[in-house]
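Below is one structure; the comments refer to it alone.
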Amino acid sequence: MREKAMFKQIFYQSSVPQLIGSIDFKRIEMNDAFYEYIGYSKEEFSNMTIPEISYPEDLLLDQQLFSELINRQRKKYQMEKRYIHKSGEIIWGMLHVSLIDVEDVSFVHGQIMDITEKKLIEDTYRINEKKYRILAENSSDMIIMHDVDGTYLYVSPSVESILGYEPDQIIGLSPYMFMHQDDIRKIKEQHMQASQKKETVIMTYRARTKSGNYIWIESAVKPVLHEITGEMTELISVSRNIQQRLETDSLIRKSEKLAVAGQLAAAVAHEIRNPLTSIKGFIQLFHASNESCSPEYTGLVLDELKRVEEIISEFLTMAKPHQEVMKQINISAVVTQVVQLLKTQALLDNKEIILEIYDRLPLVIGDSSLLKQVFINIIQNALEASKADGYVQVLVHSHDDEIAIIIRDQGIGISKERLLKLGEPFYSTKEKGTGLGLMTCYRIIEQHNGKIKIQSEEGEGTTVTIFLPMNK
């Protein structure tokens with residue numbers, strides 16, 4: 001009797017929904033937790049049955065398993081089962097049913113663990129997973145999940161259109177197997193940065209296609225962190241083919257370079273005309289006098305020819321296509337050459353360029369031809385913005401670990417709204433400008449790990465500062 005009273009107390013006071021009854025369910029008892037679970041009071045449920053609150057599809061399986069239980073084909077069973085709450089909502093329970101024999105009398109004992117919240121989370125996860133999979137499988141970008149060492153765990157179908165491989169062909173392999181040998185070291189360093197700093201990194205490299213060709217790929221790689229430990233568990237990358245973009249950038253750069261060269265043609269022609277006039281005069285003098293040339297006169301002629309040669313060399317350097325070559329350069333000398341080249345054009349427009357170089361500056365790593373293109377473009381813009389009898393100031397000095405090239409004009413200035421859009425393609429402050437020149441300047445300076453800062457006030461002029469890192 002004591003054990004029976006103890007069981008009864010445990011049954012009714014349990015916070016787990018429970019029921020116990022005869023195998024024919026003519027006698028059945030539920031505890032308070034059960035009524036709370038289904039939302040009915042004891043009185044409300046007195047004229048109802050379990051099948052009435054059971055989800056029809058689950059009831060069939062429950063009845064089949066219960067039949068096997070009472071026929072002694074199994075001692076107990078459990079199943080996930082849906083119930084209809086009094087509010088009409090569907091609730092989930094993990095149903096545990098067992099057969100209990102007491103003094104030759106069999107009883108059915110059932111208890112339900114509420115798993116509604118767990119199922120909602122699982123359903124939400126499945127819905128989200130389905131959405132993300134649909135996005136991944138229909139994206140033109142390659143969406144890839146990597147192990148911490150970079151191994152491919154999942155690859156979206158777009159890899160076939162970009163690299164030519166089927167996803168199954170590269171899952172389990174390392175990305176380094178498909179990278180150009182010259183890019184692997186840099187990418188490993190960036191991989192280490194993502195792992196240690198746990199931050200997103202942008203990687204640009206050449207990847208080998210199935211046909212054996214290499215194309216340029218840009219990947220945004222983000223680490224996935226464990227919720228509790230904060231350790232990296234996977235990497236997710238979104239990659240795209242930027243081969244066409246790079247080729248377009250190259251064409252824009254060449255086009256801009258030729259445009260700049262065309263603008264310089266008039267100034268160069270004028271600059272060459274002066275020494276040629278002197279040379280022509282000396283030759284006519286020699287021819288008329290029928291005398292041998294004196295060393296003094298031949299020296300002047302040679303100096304003038306040398307000047308012509310220098311001007312033509314500078315012009316050809318800007319006009320001809322070249323392979324990008326990064327090496328140590330004297331930035332002061334590069335700026336000086338550009339200023340000398342543009343001074344004639346400025347004088348033709350009744351304007352002046354004032355150059356000031358402070359201290360002996362360290363060398364920088366860069367491509368002198370590309371940097372000349374930048375300086376010419378920006379100084380020309382400054383000259384065009386300046387009024388007649390105005391001047392453009394060019395300052396070169398060191399600033400912390402950088403060299404600053406400051407180009408300042410006394411022009412009409414630029415409004416704040418227009419200043420924000422500078423550097424965008426096809427946006428220009430000039431009436432017939434395309435905006436591609438300044439956009440090209442931005443990209444060239446970015447390639448040199450530098451930056452461009454533009455400050456302007458309407459009516460007071462514009463200051464463009466180019467920062468280039470020193471070579472230590």
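The values are calculated or read from the model by the stated rules, or taken from the named source; none is laboratory data. The model shown is predicted, which means the values in this text are computed figures rather than measured ones. All Cβ positions, glycine included, derive from the backbone under ideal geometry; neighbour counts span all protein chains shown.
Among the residues of region 21-36, those that are of a type outside the set (Phe, Trp, Tyr) and either surrounded by 16 or more Cβ atoms within 10 Å (Cβ to Cβ) or at positive phi (or both) comprise GLY21, MET30, ASN31, ALA33.
Among the candidates GLU304, GLU314, GLU310, GLU291, the residue that is part of a loop (DSSP other than H, G, I, E, B), of a type outside the set (Ser, Thr, Tyr) and at pLDDT below 80 is uniquely GLU291. Do the conditions hold for SER195, that is, is it among the hydroxyl-bearing types (Ser, Thr, Tyr) and either assigned to a loop (DSSP other than H, G, I, E, B) or within 19 Å of the chain's Cα centre (by Cα) (or both)? Considered against the rule, which asks whether it is among the hydroxyl-bearing types (Ser, Thr, Tyr) and either assigned to a loop (DSSP other than H, G, I, E, B) or within 19 Å of the chain's Cα centre (by Cα) (or both), SER195 comes out as yes. Would region 63-86 turn up any residue that is in contact with a helix residue (DSSP H, G or I) (Cβ under 9 Å, 6 or more places away or on another chain) and among the β-branched types (Val, Ile, Thr)? The answer is yes; a qualifying residue exists.
The number of residues in region 155-182 that are within 21 Å of the chain's Cα centre (by Cα) and under 19 Å from SER195 (Cβ atoms) comes to 3.
In region 351-385, of all residues being small (Gly, Ala, Ser) and at pLDDT below 85, the one that is surrounded by the most Cβ atoms within 10 Å (Cβ to Cβ) corresponds to ALA385. Could you grab me the full set of residues in region 443-456 that are part of a helix (DSSP H, G or I) and either surrounded by fewer than 16 Cβ atoms within 10 Å (Cβ to Cβ) or among the basic types (Lys, Arg) (or both)? Scanning region 443-456 gives ARG443, GLU446, GLN447. Looking for something among the small types (Gly, Ala, Ser) and modelled with pLDDT of 90 or more - is there at least one such residue anywhere in region 338-350? No; the residues of region 338-350 include none that is among the small types (Gly, Ala, Ser) and modelled with pLDDT of 90 or more.
Can you confirm whether LYS372 is part of a loop (DSSP other than H, G, I, E, B) and out of contact with any Gly (no Cβ under 6 Å at 6 or more places or on another chain)? Considered against the rule, which asks whether it is part of a loop (DSSP other than H, G, I, E, B) and out of contact with any Gly (no Cβ under 6 Å at 6 or more places or on another chain), LYS372 comes out as no.
Candidates in region 64-79 are the residues that are modelled with pLDDT of 90 or more and among the aliphatic types (A, V, I, L, M); of these, the one that is nearest to MET113 (Cα to Cα) is MET79. Taking first residues from region 180-191 that are not assigned by TED's automatic domain parsing to the domain that holds MET203 and partners that are among the hydrophobic types (A, V, I, L, M, F, W, C) and not in a helix (DSSP H, G or I), no Cβ contact under 7 Å between residues at least 6 apart in sequence or on separate chains turns up.
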